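Notes follow the structure.
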Amino acid sequence: MSGAEGVPRFAHGSRVPGWDRAVDLEKDPEEVPDPATTPVPDALRAEIEEYMGRYPHARSAAIPALRAAQRHHGWCSPEAIEQVACVMRMTSAALTEVATFYDMTETEPRPHHHDVFVCTNISCSLRGAEAVYDAMCAAAAGREDLHVRSFECLGACDIAPMASVDGVYVGPLEPADAATIAEDVRAGRPVLEAKQLARRPVADEEARESRPAGAREARP
Amino acid sequence: MKLLFAGIDEPGLNTLDVYRRAGGYESLHRALAMTPDQVVAEIDASGLRGRGGAGFQMGKKAAFIPKGDMDKYLVCNADESEPGAFKDRELMQKNPHQLVEGMAIAAHATGCNRAFVFIRGEYDYVADILDAAVAEARGAGLLDHVDLVVHRGAGAYICGEETALLDALEGKRGNPRLKPPFPANQGLYQGPTLINNVETLATVPHIVRMGGAEYAKLGTETSTGTKVVSVSGHVQRPGNYEIELGIPAREIVYGLAGGPPEGRKVKLWFPGGSSAPVLTEEHLDLPYDFDSLAKAGSMLGSGSIIVVDDTVPVIDVAKWVAKFYTHESCGKCTPCREGTAWTLAMVQRMDRGEATPMDIEIMAGVQEQIIGHCLCVLGDSMAMPISSLVKHFREELEAHIEAARARRDGVPTEPPPGGSPEQEEVAA
Ligand SMILES: Cc1cc2nc3c(=O)[nH]c(=O)nc-3n(C[C@H](O)[C@H](O)[C@H](O)COP(=O)(O)O)c2cc1C
Ligand code: SF4
Ligand code: FES
């Protein structure tokens, strides 16, 4: 609660964190971190530099670089962001601004190593996502390694209700699958193999039976 | 008629070898033997309309790209974050070379020397497949005329909006830009930029192969060709189906996807993802094409049908819709940032029994203040479906409000004194 009349104007979940915090006008402008005093792990530096080389303007690498730093540090910590800033020759502020905008860049500490995103958007909710989410939370209770979070549509409503477990899409899920997912992650096994999206044939039966429409067949 | 989905489940189709054996990249060779203007003319003749949402003709947009020697950019929009949409995922996962070939042709046609695929971060595994395909194509000398980079986002629906996408691609927060200037004049790095959806670009090799005029014979006069439709929600066989534009929607919902489970009826359906105004059972006989749906007050959008059957209260649908857009509003303009959150708060109050039927009027009024008053159409994307829910289901909403109030001992509460919307349930 801050800002005019104590109304949390921007605390309602849209992508505007921090707009209600006052600016410190006394502060010196931030500087680009000094390479001499900012150690960056070699592997991370190499990865970021590789990304920077892909674009006509190196700044385009900001998001891939932040995600690389997150893989390295577990989250976009101030230290991680400073390292990216050092390699990209930007200020930490400019990168923090980016990191706070996106759902997949975590700017709060977390001990977890594994992400379970349970989709609770419309098509999944129509098919019982809420129960799956509750079951997943229950299955992860007390587990330090699991980060369960409800997520917006993950682009797999054909296997609704579904979840993304460390990027692997599984569905259609039943509440009972939650315990299996938690166990599979713990054992380091492929998650819920029979329900992985990658194995699913196309729904369009005619397409399944057709041949690729390549130039050879169709050309006169 | 299958074009994009022809043989989509062929084992190994994601590899250059299998794709080529099926005739892949012959359209590219044919296009490279034509002048850029000839290729644009073929695309124009095909009548192909954008498959990402707005339905603008690709040939017209390609013709806006200025000629001459300068850095020009081609960007493929693979952000696909609209609830209900999942066609681009299957197209890229199973047949990545089809998209790469389409982009190579489009780059030649518009003289773009750099190309990017902006793919949503959640699709990492699809991006890996694309990366491999691009590397193969480059190795085979198929991308000598264009530098193609797969760029992964980090999760934000708004990055599907083309100008927000450009900012995200420049390494910034994904806030939409004011238009004009349009991307065709000043887009990525201020240079001329052609932005098209995955499906739009993946159709290009087929247009070059068949000829624009031949392609235009498919579908209807103003909605030519085939379309991959994502069907989800209460149907027995959810999934992607490639259809010829203009077939009755009923044939898609019932014929292909099997309709709702036994004994249930279609209550409402979103014809074009969660941003499209909803239609009801009686509209199922409409031809599924751009103009028929627009005439019926909705839109084809990304071609994602979400079916809701008669077991679901309308208020729940409103809640899911409002919650999504509240979370995804980028916050740049007030009607959208505040309007989405207020709408969600009002729906939640109705559900808790703290509203009166008059609140429906207030909520509808908020939608009117959003529509047309925002920088991009994300605000409208919530306001239009919410308005349509009120329009078609006002009586049910009234009854719901009354019942919820009765449950709260029949004591209607005063509206909160000028405060801000409730905070709960929004975090996600
Ligand atoms: C909020 C919002 C989200 C959008 N999301 C997408 C998307 O995920 N994919 C897409 O292709 N187009 C999306 N669009 C439409 C794009 O702005 C743009 O019109 C489209 O990429 C143009 O390609 P097309 O002409 O091939 O359809 C979105 C638009 C808005 C306003
Ligand atoms: S309409 Fe919403 S999403 Fe679009 S620019 Fe405005 S605040 Fe951002
Ligand atoms: S609604 Fe869950 S994946 Fe689309």
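Read the figures in this text as sums done on the coordinates, not as results from a lab. Worth saying up front: this structure is predicted, and the values here are computed from it rather than measured. Positions of Cβ are backbone-derived with ideal geometry, glycine not excepted, and every protein chain shown enters the neighbour counts.
Counting only lysines at least 8 places from residue B:67 when in the same chain, those with an alpha carbon closer than 22 Å to its own are B:179.
Within the range B:250-335, the proportion of C-alpha pairs whose separation exceeds 21 Å stands at 35%. With each label modelled as a point 7 angstrom along the Cα→C-beta vector, the residue B:334-residue B:398 pair spans 3.3 nm. Treating r as the C-beta distance of residue B:60 and residue B:251 and R0 as 45 Å, the FRET efficiency rounds to 0.90.
For the range B:94-137, the Cα-based Rg and Dmax, in that order, read 11.0, 31 Å.
Give, as a single signed number, the net charge of other residues whose beta carbon lies under 12 Å from the beta carbon of residue B:279, with Lys and Arg counted +1 and Asp and Glu -1.
So the surrounding residues net to +1.
If you take all other residues with their beta carbon under 10 Å from the beta carbon of residue A:115, and give Lys and Arg +1 and Asp and Glu -1, the sum is 0.
As a quick test, which of the pairs B:60/B:87; B:60/B:227; B:2/B:60 have an alpha carbon distance above 21 angstrom in this structure? Those over the limit are B:60/B:87; B:2/B:60.
Reported to the nearest whole Å, the Cα centre-to-centre distance from the range A:155-219 to the range B:196-215 is 28. When the P(r) of the range B:71-177 is calculated, the portion above 22 Å amounts to 29% of the C-alpha pairs.
Remark: spin-label model distance residue B:144-residue B:33 equals 1.6 nm, labels positioned 7 Å along the Cα→Cβ axis. With Cβ to Cβ distances under 13 Å as the rule, what net charge do the other residues near residue A:176 carry (K, R +1; D, E -1)? Here the charged neighbours net out to -3.
Computed over chain B, the range of Cα coordinates on each principal axis works out to 76, 46, 36 Å, biggest value leading. Multiplying each eigenvalue of the alpha-carbon gyration tensor of the range A:94-220 by 5 and taking the square root yields semi-axes of 32, 20, 14 Å, largest first, rounded to whole angstroms. Rounded to whole numbers, the Karplus 3J(HN,Hα) couplings from phi for the range A:116-123 are 10, 9, 9, 6, 10, 7, 4, 5 Hz, using 6.51 cos²θ - 1.76 cosθ + 1.60 with θ = phi - 60°, and x at Gly and Pro.
Bridging of residue B:391 to aspartates and glutamates at a Cα separation below 12 Å is possible for B:361, once same-chain residues fewer than 8 apart are set aside.
Divided by 2.2 N^0.38 Å, where N counts the residues, the Cα radius of gyration of chain A comes to 1.29. Along the range B:278-295 the Karplus relation, 6.51 cos²θ - 1.76 cosθ + 1.60 evaluated at θ = phi - 60°, assigns HN-Hα couplings of 6, 10, 10, 3, 5, 7, 5, 8, 5, x, 7, 8, 4, 6, 5, 5, 5, 5 Hz to successive residues, with x for each Gly and Pro.
Can you figure out the FRET efficiency of residue A:130 with residue B:113, using R₀ = 41 Å and their beta-carbon distance, to the nearest 0.05?
0.25
Shown here is the pair-distance distribution of the protein assembly as shown: with all Cα-Cα distances grouped in 10 Å bins from zero up to the longest one, the shares run 3, 16, 26, 28, 18, 7, 2, 0 percent. The calculated FRET efficiency for residue B:128 paired with residue A:199, based on their beta-carbon distance and R0 = 22 Å, is about 0.85. Normalising the average separation of contacting C-alpha pairs (under 8 angstrom, six or more residues apart) by the number of residues puts the relative contact order of the range B:227-378 at 20 percent. Counting every C-alpha pair in the range B:1-100, the share spaced more than 22 angstrom apart comes to 43%. When Rg and the Kirkwood radius Rh are both evaluated on Cα atoms of the range B:114-250, their ratio Rg/Rh stands at 1.00.
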